[in-house]
Each structure stands twice: as C-alpha cells, then as structure tokens.
1. Among the residues of region 320-331, write down those that are out of contact with any Pro (no Cβ under 9 Å at 6 or more places or on another chain) and in a helix (DSSP H, G or I).
2. Among the residues of region 288-300, what is the count of those that are surrounded by fewer than 18 Cβ atoms within 10 Å (Cβ to Cβ) and within 15 Å of D378 (Cα to Cα)?
3. Give the residue that is farthest from P204 (Cα to Cα), with candidates limited to residues of region 34-79 that are of a type in the set (D, E, K, R) and crowded, with 21+ Cβ neighbours inside 10 Å.
4. So W377 passes all but one of these: (1) in contact with a Phe, Trp or Tyr (Cβ under 9 Å, 6 or more places away or on another chain); (2) in the same structural domain as V71 (by TED's automatic domain parsing). Which condition number does it fail?
5. Hey, S210 hits all of (1) free of Cβ contacts under 8 Å to residues at least 12 places away in the same chain; (2) farther than 28 Å from S125 by Cβ but one; which does it fall short on?
6. Only one of these is within 20 Å of P394 (Cα to Cα), at pLDDT 95 or above and not aliphatic (A, V, I, L, M): W167, W144. Name it.
7. Can you tell me which residue in region 121-136 is nearest to V321 (Cα to Cα), limited to those that are more than 16 Å from the chain's Cα centre (by Cα) and touching a residue at least 60 places away in the same chain (Cβ under 8 Å)?
8. Any residue in region 169-189 that is polar (S, T, N, Q), outside any helix (DSSP H, G or I) and more than 15 Å from L256 (Cβ to Cβ)?
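The values are calculated or read from the model by the stated rules, or taken from the named source; none is laboratory data. Bear in mind that the values here come from a model prediction, so they are computed numbers and not experimental data. No Cβ is skipped: glycine too gets one built from the backbone with ideal geometry, and neighbour counts run over all protein chains shown.
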Amino acid sequence: MRFTLKMLLGVAAAALAAANPASAQQISDGVVKIGVLNDQSGLYADLAGPGSVWAAKQAVADFKPAFKVEVIAADHQNKPDIGASIVRQWIDVDKVDLILDVPTSSVVLAVNQIVKEKNKVLIVSTGATADLTGKACTPNSIHWTYDTWALANGTGKAIVKTGGDSWFFITADYAFGHALERDTEAVIVANGGKVLGKVRTPFPGTTDFSSFLLQAQASKSKIIGLANAGGDTINSIKQAAEFGIVKGGQNLAGLLVFLTDIHALGLGTAQGLIMTEAWYWDMNDANRAFAREFAPANKGSYPTMAHAGVYSAVTHYLKAVTELKSDADGAKVVAQMKALPSEDKLFGKGSVRADGRHIHPMYLFEVKKPSESKGPWDYYKVRATIPAEEAFRPLKDGGCPLVN
C-alpha cells in the first residue's frame, strides 16, 4: 500500500493528538487565558498583588500543560465598578477564561454574576466573604483559600474559649468587614460571649483609627476585634499600641492577618497575636522551597496564604481543563474541578464541595516573641490544626441554591 503525503500528515496528526490529547481538543481561541484581578498598588498589594501574578505563572510552569496558557493582570483598585469593567473587557474582548484571586469582597460579589452570565470561571483566593459559597454561589465560582466563616470559627472560638468573652468590633465598612463581623459575632454568642459595641470605618482610605480605638477602649471589652485587613489592620494595631490599649488590659484580635502584615508591624508590636490562616511557609519542606523561589522574584517578601492559594487553585484548574480537553464551558470546568480531588505541593490533598468551597485544614497561629524568632520571616508558631471537615461552614448551613 502506497502512502500519499496527505495520508502521512494525517497519521502524524493522529499520533500527536493521541500523545497530546488536551491540545488537540477545543481550547477556546487556542489559549487558556488567566486574568489575575487584584490590588496591585494599594493596601492589599503586599498580601496579594504582584505576588499572586507570580504564583499563577509558577503554577503554570510547574504543571507543564499540553496547551498554551497566558496569564495577565489588572488592578481593580478595590472598587467594584472598576473590577466589573475590567472583567467585562477581559471576557468580551481579551477572551479571558479564568478570573483569579480578587481581594475585596465587594469586588468579588460584583464580578461573580458577570462571570456566571458569560459562563467563565471565577476562583477567589483572597476575597473573604463566605456569601460566595452561600446565597451568592453560582455554578461558575469557587472559593479557595479561606473565608469569613473559617476565620471567625478559628480565631473567634479560640479566643472566647480562653476567656475573651466580651468584644468590641472595629469593622471596615464594606462587604468583607460586614461578613467577618457577622460571622465572628455568631461564633462569640454561640460560645457564651457577648458583643458590647461596634463601629464602622470608611473603606478605602482610613488612616487615622484614633477615634474608633478610643470608642473601643471606652467599651471596657476584653477583646477588640479587627474586622479589617492589610493596611487597615497594620494601622489599627500600630495606633492601638500608641494608645497603650493592650497595656491597659484589653487584647486585640486580628480576624484576617497575613504574614506581610506581621512583617510590617514587627514582632515587638505583633507578638502574641492569634490568627487563623490556611498556609504558612515554614511548615514543611515543600512550603519552604516555594518561599525560596518566591522571595527573590518579589523584592525579598515571603509568600502569604493568598499567594499559595493562587498556586494551588491554578494547578487544580489546569488539571480540570486537561481532563475535559476544553476550557470553553466555564460551568463544566467548575463541575470537573468539583468531581476531581485536588492535590498540589502546597495545600496537599483536598476537595471542592457542591457549593464551590475548597476544603482543606486551617491553622491557628500565634505570633512569636522576638526572642523566639530564629531568622527573617520566622514569625508563627502553630497553636492548633483545624481539620478540613471542621474548618469551613457545614454545607447544609450556607444557603447555596446548588446544594440539594
């Protein structure tokens, strides 16, 4: 039998498809495009920002997909209207398939419906509102690293059970702060504590927390709960130290604290602070190796749980696209992510529930004293591990319409 050139080319193409199945199928526009949407220059830039872009690109490089992947980024400036505008442009014009990271819960909720309408994928690593897997859940969204329920359940419960049973909240006045205050208050009351008062701080742009701290001080509460994040948390803790609040007998509870916040505060100011996080660089060899790669590319800064979450989420997303052999239908990609167990070098083994919540252990950390730290960025000691099955809100309690 004689083979023509056309036949030989056909055989070669078939062999290539067999060896490289995902690339031979329906990758939309010939490329999987990932858009990292976050704060690149403001109060959340250190904890996510450019580091999240690096983490996404590193996940792609380590995964070595059989199809082309492109990572782009934009700064939403912590404003829902700007975030929504970027996402529409990304999906309609730039053909972005996955919207990733998204600190600032008001931005999360604004882009969530757009992603659903356009049938793309949203994976949130840094935004915190637990409503994303509750009343606002969609078939196109996944919440990866932490949420307000997990933070409240970890930090709030631990503090109440060790005697911190009266609270005053200083709360960032937007969706994230409201959700974190709500979820923590529920934990406090359920465990026999009480909330003596609360005050809302303008977001973004609050730099002077003195009047809010004075109100908290006057309440005589045992605990001042900081339902804020990033630069707001740093400024409020620094100013509390200036007022001598802790020396006066009250304690601060940072309800969302990142490694970069502790670095900015210094151990002298932050020592003894208790917080709940999903990941820490010095817990095992794989985490330490990731931190050693991350730091030189990010001005010497070490990775936060948000950065690790981005890496983990992108890895699982690429696994799902590879299994489906397509990125075209966002809801199908998310369904595949739910069907597959997750596993990567930073978060280990996990799963994605029907409501879109990624399930994994959480950790209760305490900030070390300066004398306990053995070197740069050695800031945490583990107080408790919260098992995956206890770390997040029970599936039946969230109110997600996808849950039967």
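1. Just the residues of region 320-331 that are out of contact with any Pro (no Cβ under 9 Å at 6 or more places or on another chain), to begin with: 320, 323-324, 326-329.
Hits for region 320-331 are A320, E323, L324.
2. Filtering region 288-300 for residues surrounded by fewer than 18 Cβ atoms within 10 Å (Cβ to Cβ) gives 288-289, 292-293, 295-297, 299-300.
Filter once more, so that each one left must be within 15 Å of D378 (Cα to Cα): 288-289, 292, 295, 300.
Within region 288-300, residues that are surrounded by fewer than 18 Cβ atoms within 10 Å (Cβ to Cβ) and within 15 Å of D378 (Cα to Cα) number 5.
3. To start, the set of residues in region 34-79 that are of a type in the set (D, E, K, R) comprises 39, 46, 57, 62, 64, 68, 70, 75, 79.
Right, trim to crowded, with 21+ Cβ neighbours inside 10 Å and you get 39, 46.
Working: D39: 12, D46: 16 Å.
Checking each candidate, the answer is D46.
4. If we test W377 against (1) in contact with a Phe, Trp or Tyr (Cβ under 9 Å, 6 or more places away or on another chain); (2) in the same structural domain as V71 (by TED's automatic domain parsing), just (2) comes out false.
5. With respect to (1) free of Cβ contacts under 8 Å to residues at least 12 places away in the same chain; (2) farther than 28 Å from S125 by Cβ, S210 is out only on (1).
6. Working: W167 fails: within 20 Å of P394 (Cα to Cα).
Of the residues listed, the single one that is within 20 Å of P394 (Cα to Cα), at pLDDT 95 or above and not aliphatic (A, V, I, L, M) is W144.
7. Filtering region 121-136 for residues more than 16 Å from the chain's Cα centre (by Cα) gives 134-136.
Still in the list and also touching a residue at least 60 places away in the same chain (Cβ under 8 Å): 134-135.
Numbers: G134: 25, K135: 27 Å.
The qualifying residue nearest to V321 (Cα to Cα) is G134.
8. At the first step, the residues of region 169-189 found to be polar (S, T, N, Q) are 171, 184.
Then drop every residue that is not outside any helix (DSSP H, G or I), which leaves 171.
Next cut, more than 15 Å from L256 (Cβ to Cβ) only: none.
No.
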